[in-house]
Structures are given as C-alpha cells and as structure tokens.
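Written below as structure tokens is the structure these notes are about.
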Amino acid sequence: MSVLGYIRAFLGYVYEDKLGLAAFTVLTLLLVFSLAGPLVYRVDPHAVHKGYEVRIHVVDPEGLRVRGVLSLEMEALGGVLTPDGSLLLLGFNGVLYELPLPPLARGLQFEGEVRLSSSSLRVVAENVLLASVSHGDVYVVSMADGAIALDRFENSSITRLSVLEVGDARTLRGVVVGGGVVVLILESSIVLASGGELHSFDVGFGLSGSGVSCWDKVVVGGSRGRLVVLNVLTGEVNVIRVFVDDVLHVACANGVVYVFGRGGSMAVVYENLSYKVVPTGVVDDLVVSIPFDGGLLTVGSMGSILYVEGGGVRLAGYISGLRGVRTASLSSGQLVIVSFGEFVRDLRPPSLEHPLGTDYYGRDVLAQVMVGVRMSLFIAFVTALIVTFIGATLGIVAGYLRGRVDSAVNSLINIMYSIPLEPFAVLLAIIMKPGMLTVILAISILIWRTTARIVRSQVLSVASTPMVEAAKAIGAPHHRIIAYYIVPAVLPVILVDFASTMVYAILAEATLSFIGVGPQDTFTLGTILNHARITGAWRTGWWLLTPGIFIGLITISLYILIRVFEPIANPKLRRT
Amino acid sequence: MIAYVLRKLLFIFLLFLLILTLQFFLFRLAIPDPTIIYIREGLGPEEREIIRRSFGLDRPLYEQYLRYIVNFLRGDMGYSFLYKEPVSSIIIDRLLNTLVLTIPATLTAFLIAFYLGSYMAWLRSSLFEKAFVATLSVVHSLPLFWIGMIAIAIISVHLGLLPAGGMRTPPYEAESFLDKILSFDFLKHWILPYTVLTIYTASYPTLLMRGSMISTLGEDFITTLKAVGFSERIVIAKASRYSILPLITYMGISMGLAFSGSVAFETVFSWPGVGRELVIAFYNLDYPLAQGVFAVMALAIIVINTLVDIAYSYLDPRIRRGTSG
Amino acid sequence: MVSSLRSLGYAISRTTALLVVALLILGVLVAGIHYYIRAPPAAPPTPLGLPVQKITIITTTEGEDPVRWAAVQAIAAEWRKLGFEVEVIGLEASMVDKKCYYEWDFDVCVFGWGARVDRLDPNLFLGLITTEEIGVKGEGANNPTGYSNPEYDRLYDLQRRTLDINERRRIVFEMQRIFHEEAPRYNIYHKHAIVAYRSDKWANPIIMPGAPLFNEWQPYFITPTAGGMQELIYGSNTEPDTLHPIKASLIFSWYVLKLVYDPLVRLTPEGKPVPWLAEEVKVIDPTTVEVRLRSNLRFHDGKPITADDVVFTYKYYIKHEFAYFRPYWRNIEDVIKVDDLTVRFKLKTPDATFMTNTLYMIPILPKHVWENVDPKAVTEEQLRELLKVGSGPFKNPVWVRKEYIAVEVAPEHFAYRGVRIGDFEVPPIKVSRIIIRIYGDLDSIVSALIRREIDATAVSILPGHVDVLARYDYIRVVKARNFALDADLMFNVRRSPFDIKEIRQALLYAIPYDHIINVILKGYGEKGYIIAPVNSFWHNPDVKTYEYNLEKARELLAKAGFKWDDKGRIYYPVGFTPRKQEDP
C-alpha cells in the first residue's frame, strides 16, 4: 500500500466512529486556526492597543457614584468645561470644538447608550493654542498673524479681547486673566501684559502652565515644587519651593493659595509667602480643583476626590476606573470629570475588534491564543517525540533482553517515578532559565517512565510468542528480531501512547507555565492563564480564562482519537 | 521467600543511597552559594561568609557529603538554611498536610473508579454511559489548577459558601496534627480542595476501569458464566475482580504522586503542603530541605512500588509464579 | 487481522523513517541556501568602526515581578530603535544575583532593592556605586557595575562621618547629582504600594512609605469602627524565616520581631529617629553616644529593663557574630554601663547612621533569659519559651508555619496607653491581637479580603486588583508612594560601550518612562530616583532626570562618534577599540 493508502485507512478508522470524526475535525480546525489564523487575523499578539479617547464621567459629588459615562474617540490636546455645561476640546490640529453635553434624564442617568461621534462636535475657532478658565470665565488663546490673540468664550461664540506680540507663542503653556492684567505662561518664562505693555520674566525652569491670581499677585506653578510669585503691582518676582514634585495646578480660596502636584503632593501658601505641606494620603497627580461648598473639591488623575477646607484636606474617596483625568467642573449639582489622552485598551470584553477581548496590557487575546495553541501543540509534539523515543527504546531493550538490563531499567523507571514534575521543573528553571526548552526538558526527562513501562510490558508479551522464539532459535541477530518482529508489533501501542503523552504534555505545559516556568517571550495556553492570574486580571476578565477551554478542546479531541485507535492497538479491546 | 525479601530490601537500600548521593552532588553543582539570597537583605561578602561558616559550607565537599550521609542514616536530615530548623520536623509537618488531602482523595477516587467504572461498562452504549464518559473526559482534559481556580471563584468568592484557602481559621491552638484536623473548621477548609481533587483524580481511573471491564466482559469465561446462568450481580463481581489489575497499577502511581502534592493546586488553595514547600526551598536555595523532601518522596515511591508488586502477585497468580520461579 | 496490523506497523515505521530522512535533507538544504544568501555582508558605504556587540539585559522572570519584566521588554524595544541588538534574559532571582553580583557576567542587569524603614537613610542606596563596594569577583559586593569615582568615594565617606544633619544633607544632594549625571546605575521607576483594608471594621490607618499598612506603628493608629479593642488580621504571601532573634535574616521576620522586642530608638512614620526605650540619646563626642533608658520599663515577665540588658544584648550579638546585624554592630568599639539606666557606646569612627540604623535595628533582649543560652542549640520548644519574655508592645508569639502568626498586646508596655515623645504623639493601642495569615499567592489574599477572612493586606497587591476591590463597599484601597529601587538598572562599565558616560545617558534617554508608568504600572508608579521624592528630606529636587527622547539619545551617540549603517545598525567610532572585561 502506498502512503496515501495508509492515510486513507487512517481516515477510514476515524470515519467509522462519529465521535472520532468530530474530534479529528476539531483538531484539524485548531491546527488550521493556529497556523493559518495569523494570516487572516493580522494582529500582533505583543502589540499594545491604544487609542485616543475623550471620556466624560458624570458623578454624584456626595456619594461619588458614577451616574453616566460618555466616550468619544478623538485626539485632544486640552479641554475645559464651560459654566453652561458644554465641553470645549482642543484638537491636535489647533481646532477648538464645542461639545454640548447631552442632558441627564430621569434618575440622573444618561439616556440609553449614548455614544457620541465626532459629528456632534462644533468647530468654535481655529489656530487655537489653549483654552482656560479664570474666575469662572472661559478664555481662548489663539495664533493671529504671528501674535497671540486672547478671546473670551461665551454663549458658543468668542469675543476678541486683545492681541499680544509675544516672542515664541508656540511654547505657550497657560494664561491667567484677572485683576486687570493678563499673564501668559510660557515654557520657562512668564509674560505680564498690563495696560498695553509687556514685561517678560525668565525663570530658568519649566513651568506647568497653571496659575492663579490671588491677593495682588499671580502665582504660577513650576517643575519640582517651585512656584513663581509675581507681584502685578510692583513687578517683583519671587520663587519659592514648596515640595519636591512638579506643581500641576494652583488654586486660590479663602485668601490662601493651594498648590497641588504630582504624587498627591499639596501645600498651602499664605500671603506672606510662608507655606506648609499638607499630606493628602493619595498618590495620584492632583490635576484640577473646583470651588465647592466654601472650599475646594480636588480631583486626582486616577479618580481620587479630596475636599479642601481651611488649610486642611479630607479624602472623600476614589472613583474607580478613572484614568488620565484632565479637568472637571460642577454643573447643576453634578460633578463632570473629563479625561482624555491616549488610553490603553486594556481588559476590553470580546467585541468585533477583539473577538476574545484584550488582556491586562491591552494586547489582543485571540492573537495570543493563536500563538498559544501553536506553541502548546508544538511543545507537546516535541515532548512526545522525545518521550516516545527514550521510553520506547528503553522499554523495548528492557522487555526484550530482560534479566539485569530489565531490572536496571526498571529501577531507573522507579527513580523517575519518585521525582515530582513541578518541583523538578522549577529546579531546571533555576539552573537554566524559565523557557520553552526548560518545559520540554522537564517533561521529557521525567515522563518517558510511563511510555517505557507500557512498551516494556507489551514487548514482554510479544517476545514470548512462538515466532520470536523460533527466530531466536535459528540464531537471528537481536537487532533483526527487534526490527522485524518486536517493533512492528508494539508500534500501534507506541503511537497510541504518543497521543497520550501529547495530552499529558499539554496539561503539564499549562501547569508549569502557571507556576512561572514556561516561556516568557512568547505565548502558550499556560502562560496566558498565568498572565491572567499574576496580573490579577482574570477576576475582571472572564475571557482571559478561555485558553483553559482551548486546552480542554485539544486534550479531549486527542482522548477521543486515542479511544478510537485503542482497539486497533490492542485487539482485545475491539468491539465484538 | 525470606531471601527474596532480604534481597529486595538490600536493593531498596542501595537504590536509596544512590538517590541520596546523586542529589547531594547535583544540588551542589547546580546551586553554588546558598547565601546569594542575602544580597537583597543588604549583607556584604563578610556577613555572608559568617553565614556560610555557620552552615558548615566552608568544609571540603567530601567531608560535607560523608557527614550528610552518616547523619541521614541516623535520621538527621540536617538544618534548613532558610528556616534554621531541623529539616525532618518541617518535612513531617508539611507532608502530613499534603497527605491529609491527597490520601483520602486518592482512596475515594479509586473506590469511585472501581464501582463506577464497572457499572458503566455494564451499561455500555447507553445514553447515560455516554454522557458520563463525556463528562469524565472533559474533567480529565482540563488543568487541575484551572478547575480549582473556577471552583474557588464560584463557591468561595461568588457564593461565599466555603473559605477561599488555608487549613484552619487562625488563631487556633493544636497540640498535635490529629488535634488540628479533628475539627469542623478544618472540615470546612478541607472539603473544597478534597472534592475537586477527588473528582479530578477519579476521572481517569474510572475510564480505565471501564475499559478494562469491557475487555473482561468480552472474555470467554464470562460468556460461559452467563451461559451457565449465574446472576448478573455475580457475573459483574467476578468480572470486576479480574479487571482490577490495571487499576491497581495506576493506583500505585497515584499513591506515589500523592506524596509529592501538586504545586499549582496547593498555591491556588493556599494549602501548606509539601509540593509548595519544595518549590520554596528551591527558590531560596535551601538544599538541605530540598534534599530531604526528595529523599522522603523517593522512599515513599519505592515502598509503594514494593507494596503494589505484592498486591499484584496476590491478585494475579501468574505473577506470583513468575517471581518464585 | 494481527498480520495486517503488523504490516501496518512495518509500513508506518518504514514511511516514518523515510519521512524523517527527507525532512532532514530538506532542513539542511534550506539552512544552506539561507546561509548562502545571507553570507556575504554588504560592504558599508561609509567608513564605520566595529559593530557594537549585542547587549544582553539580564533581569528577573515575569513570575518574580511582572512589571519589571514588561518594563525591560519595553526598554529593549526602544534600544533596538537606536540600532542596538538587544536580548533579554529572564532568570530566577538568585541566578540574577549570581550572574550580576558574583560573576559580573552581564552587559546590563535589572533587579531591585526593597524598601525597609532604615533604608530611608541614604547610606545604603548611595553606597551602591562606591569603589569599596565593587569588592572582589565571586564574593558578591553591592557595586557590580565596576564604576569608580574617587570624588564620589570621598563624599560618601564624608557624609557618613558628618553628624550635622544639614551639612550631611548638602553632601547627599551633591552625591545624588553625581549619581544621576554619571549614571552607572539608574532606578527606572518607583512602584506605588497598593494595599487594602476592611473599612467596615477599621478606620484611620497610618500609611508609611515602604510599609503602608503592615508597619510597627499601625496598632497605635488604626482604630476599630466599633470602638474598644479588636483583633487585626493581616494576609500575607511571605512569612518569616525564623523568629529566633539571633538567626532571623529576612525583612519580614524583623517586622514581626519588632512587635515583640523594642529597640532603643524607633523611626517615626516620616523616618525621623525618636528615642523609644531610650529616654534620651546624647552625642558626647563624634565617637561616643550616651543612651539613658526610661525608668518605667518592664519585660513581659515583669522584670525591669536596665542598662545591663542593653550592654548584654549588644555584646551578645557581637559575640555570636550575628551576620544580619553585622553592618550595625561592626562599628561599635565597646558598650559600657554607666549606671543602672545609662549606657555609653564607643564607636570606631564617627557614624551618622548610628541613630537611624544601629539603635533602631538592634532589639533589646532580656539578659536573665538569654544569658546562658547558646543561640545555635536552641530547639523549637525552647525558642517558644524564650520568645515569651520580650520587651515590645506585643507578646507571646504563636506561629504555625505556612498558616499564621499571632501576637497579643502587652498591657504592661510603657506605650500601651499612648506616649508623647517630643512633638510626636503616639496614641493608645487599639489592637488586642495581631494575626498574620499566610496565603499561597497575592490572588488568594485578595479572595480572603473579599471574604472578610482578613482585615488588611500585609503586602502590596497589584494594580489589576484595585478595580476588583472597588466593587466591595467594605473594602478601601490605599495607595502609597515608595522609596524602593524597583528597577535598578546597572551598566557593566568594564565593557564598552558602557564605559562611556554619554552612551549610558543616551540609553537612559531611550527609556519609555511614560509608557512604563501609564501602561505597565497603570499609573501606580512614578519616575525613579536613587533617593525617592517620598524621602523628601534627603531627596535632591534639582537632580538631573532623564526624559524619553530618542532624538536626544541619537544626538548623544552621534556626538560620541557612533555611526549607523544603512540598515540602522549602530557602529563604534572609527579606530575605537572596544573595551572587553578583563578578569582580575
């Protein structure tokens, strides 16, 4: 018979058994899925999926419960909330958009699944450098003929206030308007515009772009805890350092200046420029403060909410799920928090874009599973090859030669049985390094014991058949007898055992990867599960447990195939 | 017969000595200096030298080896580098923790396997049997730790029925191991890992027993028995007695594995067992402890293998003849 | 049937053999063709020096620290953009130490240094690049980079001897400047510690940098919501090595032992030393320190704590060469009893860390209990008896290995009802018993907290757990800044190109700090320093930091004469002979 004939015979056996056919189909599909899948589904399993987004959370300021979330897929450089409840967003292209927020329905929920699209944006102005709020008024700064134009935004339209000739407008970071003066904050200098005159002050360090006018001074935040205090009357400039973290914003309330920075830093500055550091107990970057209830309500970049009152601070709580908060405001009793920027699409449930969702780092799980199925099958196959080779050789030799060789092999098998797999693999990983080779070696060094045992017992029964005895009697050399009588007789058993070893290897690989011995730079079904657990992500993302189902699919298909072929390998089991 | 037993014992002893020697040198070749772990604690070379000296690691290797073997044969497995306590007391404690879980689970599993397997072979090709085979195959095809994780997520965390891990609710006072496990609190902690482990352990031997039983039922003598008119019950009983051999072999292996525990499983259930301890010993380069655990496991396997041999020869007269002649 | 099976067997074995041979031939052919095609390297159009050899980054495995692993992968990806060939090797922790600290066999090595309250003193971290700490190959001292700078060494020595704290601070600032500028090693980020506790049972925990919830002050500050005294149950995935005070050699063991035994001085939550068993610590001259004890001190068995016990304890540790404490006692010349409550320490050299390290770390043992004990021959049962007589705020430690540790409050302790030390107010203890439950891993601790099996986590949990725990209204998650060196990146300056300062700086400019902090750490972290910003007294705010800036990195490389071929691969300057590590 030709090779094709054997394949036909194999398929014939499979076809006889409906379950076997199903299992064979599943295995074939999985193979096709893992090999051809990446050609169709071209997603890099290592790629971190990110995207620009604007997210608006509406929060009840008392209970800190999120009442509604809106999201909008667009890039934004900056944004402010206007007192009349719309959002001004500054795009990368210098276009300022106005986004009227949809009204809250009964029960203070947004109506249905409101997904805003870019079409709900209204262009307000172009060439805009920044938008900012000072004392409840919204100011828009834009480029006009190489100079800076300051506009006020009111009722969806802008009114020009003044045009200022400033050196390098592109480094503009912020603007403070109040007390009859305008202060422009540039990268490392500030420009005071009062009465048509410009005074520039170079401070020599980075400025954060936030400032506030309080008393008769303008206080501007800078890097590494520094404040620039500019007396608008005398033009006197003082620099003080209140803490060591970058200042993110400053606010004026109750006659003192509150300074907020990265890592939850906060300080209070008094009019005589004495200051005191206030521990906040939070670690987020404190990005914005809103006047609230006689004090301030301060929002951190990751959702901490602080109440600031009379020089003290109280942690109101955290709003979970917030990232990259940029601005916030209170309108009609609701706290509106706006976050924007480039967000990682992490732990997304299955969707059209990511059919199996994304993992903790925002990587596509389906792409990982494709690689994982391939790697797991590969590891299992190679392991089974090695195991079968060692096990079959030793089993045949021991079973055929018997006597001392047999008992030596037998004690070796017994020693191997006394070594538990997982600790052995850990030891190998310590000596070598965790990786595919370690997994393959750990399993194959130990698991040949089972194969050897099975093959040996089969050889024992074959070796005592009259045919072999006869061959021995006429003095046929051992290698001939083994090659012509023993090997063909035990080959079916070996093949079935090969499949069982693959099953074992797939489960063992998953377990070893789960305890951290598996490959680190690629994916196997076990490492995906390991990731899900060591990052704590499996509790949020049930889809991260799907590799377990793939493991089950592979192993169960193999089992069924084994069951189909077992009667052939061992005719005693054949159905009668 | 006595000569046979003596020879077997001598063989066991020599095998054990070989294992001890092998692992002694393997560990020392693989792991050079166990005080590496103290770098992170801010200890300099001189401090670590003091520690090495206190462990006797400054002595020549052959002296360490002889001392180790002699002490081991006297029942002293040395001091754990990490715990600074005698290895034997640590191993006994952790091994009992493992065994209290694995031995009942294995025994129950094989009891289930024996009866359920025979029964299923009898009900062959019925819908019920097919469904059962499918379920068991599914259970056996999934990783044990994964089943454990899901069981904890559903039963402990979501439904809040049973503790999520550990052996007892602290603080508790226990005079002895028996004192520790004879309590309702222990039972509450024990039942979930026990159930998961039992179901998992039972899945394969049940299928094995079923297969073996089917083949026995195809044998001529069963047909004869049936033809002669023995009742169904007696036929099953006879057939299962003859089909038990593969189960016994497999049980020997499972009992051996019961002594090593499962690292992933013990981690998921926070069970203070011997498998996890061995892994911790490796990570902390604590080789007296690792050697001790390995030695105990090896001894357990060797003893169980011998017992299985004896059981085999009892159940299958052919083998008895084979050994004596 | 049997014979047909046999023939099937034959055929399969024959076909398999044929297939294997065919595959082998095919493989050799493919490999040969591949090699032939790739073999002749294209001659570089512009004169280039030698190609820069492959950079191997050794770090810990993903299982040990998933964040560090992911961060190193991200760094490798950026360095590849600069034209370097980079390989990352993840090894088990002890093997990383072996390769990097013992064998010096690395290009770049990334590991870390944990936070311990006494490490708020800058001495240990700043010592990481001194010449003395290079030590000898094979012995594993703290500076495997091989970087040596006499000026830095001089300042290091000087700061240690400078007792005036402001003067010392000035020196420490200058050292940080050199550290960051020269950059033989650089800490990439500080992770924020994330811990959680049951807010239905407890309120007002004190958060310390490095030990947010599980710290020695917690029993004084945390308050039961129901009033009275309550049991405080922590969950942990690590446990002590031993509680034997002359053998315990892990940070965790000393967290527990510090509850049972009091030192002469404790560090406030801000890291400031305050006299504790001591009433007063006086510096008489730079090498003499006098300690006067409080007069109302009692051990747990009722016997008074006197100068004899202090002298005994220090001499006992020195006599038995307790290695873990050697850095603290090795500078002690002598300990002398002046009167019943006064002890005088004679030091070998002036030591600015004596208060914050030595007096803080070494606990006071009862002389009458330990006097005739040979610490090496203590059995478990004896140890249990010995531990019954402690000097600390908690007593009677019970420990079931891998399960739990419990200590109960000692009402006879001097600070039981609170105490005032200078302007540091210690409230009364409100914890009747502290229990630490041991779990298999972090995930199990989270499950236990949700199930209210524990009150608080003793160790830091993961960013991924924050949103999970936020669903339960009886759990509050606390985040705290940290000063641990979580990703301590070392360059081996014995090897080119890391011997060139500009190259080290260029490589540091090519680290994606924002990506690491925002994506990998999910925002629960901040840019790294050698002395962290949270250690605000010692942190130099004007120190140079590196921003992610590939342009700047390329510029620095080009300025050093490095060139790129048309494939973007980087080459040494023409005529430059790369330095190879020579073995001493």
Working only within the stretch A:245-273, note down all residues that are more than 31 Å from the chain's Cα centre (by Cα) and assigned to a loop (DSSP other than H, G, I, E, B). A:ASN254, A:GLY255, A:TYR270, A:GLU271, A:ASN272, A:LEU273
Of these, C:ARG154, C:ARG160, C:ARG177, C:ARG169, which one is in a helix (DSSP H, G or I), in contact (Cβ under 8 Å) with a residue 60 or more places away in the chain, open to solvent by 10 Å² or more (accessible area, probe 1.4 Å) and farther than 14 Å from C:ASN540 by Cβ? C:ARG160
Of the conditions (1) open to solvent by 10 Å² or more (accessible area, probe 1.4 Å); (2) more than 14 Å from every other protein chain (Cβ to nearest Cβ); (3) not polar (S, T, N, Q), the single one that A:HIS354 does not satisfy is (1)
The stretch B:31-71, residues that are open to solvent by less than 30 Å² (accessible area, probe 1.4 Å) and hydroxyl-bearing (Ser, Thr, Tyr): B:THR35, B:TYR38, B:TYR68
For the stretch C:540-576, the count of residues that are over 20 Å from C:LEU507 (Cα atoms) and in contact (Cβ under 8 Å) with a residue 24 or more places away in the chain equals 5
Which one is farthest from the other protein chains (Cβ to nearest Cβ), of the residues in the stretch C:222-251 that are surrounded by fewer than 19 Cβ atoms within 10 Å (Cβ to Cβ) and not in a loop (DSSP other than H, G, I, E, B)? C:PRO224
So which of B:ALA237, B:ALA281 ends up being within 11 Å of another protein chain (Cβ to nearest Cβ), in a helix (DSSP H, G or I), more than 27 Å from A:THR451 (Cα to Cα) and out of contact with any Asp or Glu (no Cβ under 7 Å at 6 or more places or on another chain)? B:ALA281
Selection over the stretch A:228-237 where residues are surrounded by fewer than 23 Cβ atoms within 10 Å (Cβ to Cβ) and either within 14 Å of chain C (Cβ to nearest Cβ) or in a strand (DSSP E or B) (or both) yields a count of 3
Of all the strands (runs of 3 or more DSSP E) wholly in the stretch A:161-208, which have at least 2 residues that are more than 46 Å from the chain's Cα centre (by Cα) and under 23 Å from A:VAL239 (Cα atoms)? A:189-194, A:197-202
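Sort out which residues of the stretch C:395-413 are away from every other protein chain (no Cβ under 13 Å) and buried (at least 19 other Cβ atoms within 10 Å of the Cβ), and write them in order of number. Give the steps one after another, and end with the answer.
Step one: filter the stretch C:395-413 for residues away from every other protein chain (no Cβ under 13 Å), giving C:395, C:409-413.
Answer for the stretch C:395-413, where residues must be away from every other protein chain (no Cβ under 13 Å) and buried (at least 19 other Cβ atoms within 10 Å of the Cβ): C:LYS395, C:VAL409, C:ALA410, C:HIS413.
Look through B:ARG53, B:ARG67 and report the one residue that is closer than 25 Å to B:ILE302 by Cβ and basic (Lys, Arg).
Values: B:ARG53 fails: closer than 25 Å to B:ILE302 by Cβ.
So the residue among B:ARG53, B:ARG67 that is closer than 25 Å to B:ILE302 by Cβ and basic (Lys, Arg) is B:ARG67.
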Residue within the stretch A:380-402 that is within 14 Å of chain B (Cβ to nearest Cβ) and open to solvent by 20 Å² or more (accessible area, probe 1.4 Å) present: yes
Looking at the stretch B:23-50, I want the residues that are more than 8 Å from every other protein chain (Cβ to nearest Cβ) and without any contact (Cβ under 8 Å) to a residue 60 or more places away in the chain and have a partner that is among the hydroxyl-bearing types (Ser, Thr, Tyr) and open to solvent by 10 Å² or more (accessible area, probe 1.4 Å) with Cβ atoms under 8 Å, at least 6 apart or on another chain. Which pairs are those? B:PHE25/B:TYR65
Residue tally, condition free of Cβ contacts under 8 Å to residues at least 12 places away in the same chain and open to solvent by less than 40 Å² (accessible area, probe 1.4 Å), over the stretch C:414-442: 1
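Per-residue answers, yes or no, for (1) more than 12 Å from chain C (Cβ to nearest Cβ); (2) part of a loop (DSSP other than H, G, I, E, B); (3) of a type outside the set (Gly, Ala, Ser):
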| residue | (1), (2), (3) |
| --- | --- |
| A:ILE486 | no, no, yes |
| A:ALA489 | no, no, no |
| A:PRO492 | no, no, yes |
| A:ALA499 | yes, no, no |
| A:TYR504 | yes, no, yes |
| A:ALA508 | yes, no, no |
| A:SER513 | no, no, no |
| A:GLY518 | no, yes, no |
| A:ASP521 | no, yes, yes |
Mind listing whichever residues of the stretch C:59-82 are open to solvent by 10 Å² or more (accessible area, probe 1.4 Å), facing another protein chain (nearest Cβ under 10 Å) and not aromatic (Phe, Trp, Tyr)? C:GLU62, C:GLY63, C:GLU64, C:ASP65, C:PRO66, C:VAL67, C:ALA70, C:GLN73, C:ALA74, C:ALA77
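For the stretch C:326-342, give me each residue that is touching a residue at least 24 places away in the same chain (Cβ under 8 Å) and either within 18 Å of C:ASP374 (Cβ to Cβ) or open to solvent by 60 Å² or more (accessible area, probe 1.4 Å) (or both).
Of the stretch C:326-342, the ones touching a residue at least 24 places away in the same chain (Cβ under 8 Å) are C:327-329, C:331-333, C:335-342.
Answer for the stretch C:326-342, where residues must be touching a residue at least 24 places away in the same chain (Cβ under 8 Å) and either within 18 Å of C:ASP374 (Cβ to Cβ) or open to solvent by 60 Å² or more (accessible area, probe 1.4 Å) (or both): C:GLU333, C:ILE336, C:LYS337, C:VAL338, C:ASP339, C:ASP340.
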Among the residues of the stretch C:106-158, which ones are within 13 Å of chain B (Cβ to nearest Cβ) and of a type in the set (S, T, N, Q)? C:ASN123, C:THR130, C:ASN142, C:ASN143
Residue in the stretch A:537-564 that is most open to solvent (accessible area, probe 1.4 Å), counting only those that are at the interface with chain C (Cβ under 9 Å from one of its Cβ atoms) and free of Cβ contacts under 8 Å to residues at least 40 places away in the same chain: A:ARG539
Under 7 Å by Cβ, and 6 or more places apart or on different chains, what pairs join a residue from the stretch C:91-103 that is within 12 Å of chain A (Cβ to nearest Cβ) with one that is in a loop (DSSP other than H, G, I, E, B) and among the hydrophobic types (A, V, I, L, M, F, W, C)? C:SER94/B:LEU285; C:LYS99/C:PHE106
Condition test on C:ASP514, is it assigned to a helix (DSSP H, G or I), of a type in the set (Asp, Glu), at pLDDT 90 or above and surrounded by fewer than 24 Cβ atoms within 10 Å (Cβ to Cβ)? yes
Inside the stretch C:105-129, can you point out the residues that are buried (at least 21 other Cβ atoms within 10 Å of the Cβ) and touching a helix residue (DSSP H, G or I) at 6+ places or on another chain (Cβ under 6 Å)? C:PHE106, C:CYS109, C:VAL110, C:PHE111, C:ASP118, C:ASP121, C:PRO122, C:LEU126
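Is it the case, given these coordinates, that B:ILE19 is within 12 Å of another protein chain (Cβ to nearest Cβ), over 25 Å from the mean Cα position of the chain (by Cα) and over 21 Å from C:VAL378 (Cα atoms)?
Working: within 12 Å of another protein chain (Cβ to nearest Cβ): yes; over 25 Å from the mean Cα position of the chain (by Cα): no; over 21 Å from C:VAL378 (Cα atoms): yes.
No; evaluated as a whole, the condition is false for this residue.
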Residue set C:ALA506, C:ALA532; condition in a helix (DSSP H, G or I) and either open to solvent by less than 10 Å² (accessible area, probe 1.4 Å) or outside the structural domain of C:MET175 (by TED's automatic domain parsing) (or both); output residue C:ALA506
Can you name every residue in the stretch C:467-488 that is more than 7 Å from every other protein chain (Cβ to nearest Cβ) and in contact with a Gly (Cβ under 9 Å, 6 or more places away or on another chain)? C:ARG476, C:VAL478, C:ASN482, C:PHE483, C:ALA484, C:LEU485, C:ASP486, C:ALA487, C:ASP488
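The values are calculated or read from the model by the stated rules, or taken from the named source; none is laboratory data. Computed from a predicted model, the values in this text were never measured in an experiment. Cβ: placed from backbone, ideal geometry, glycine included. Neighbour counts: every protein chain shown. Ligands, DNA and RNA are excluded from the accessible area calculation, which covers all protein heavy atoms including side chains. Shrake-Rupley method; radii C 1.70, N 1.55, O 1.52, S 1.80 Å.
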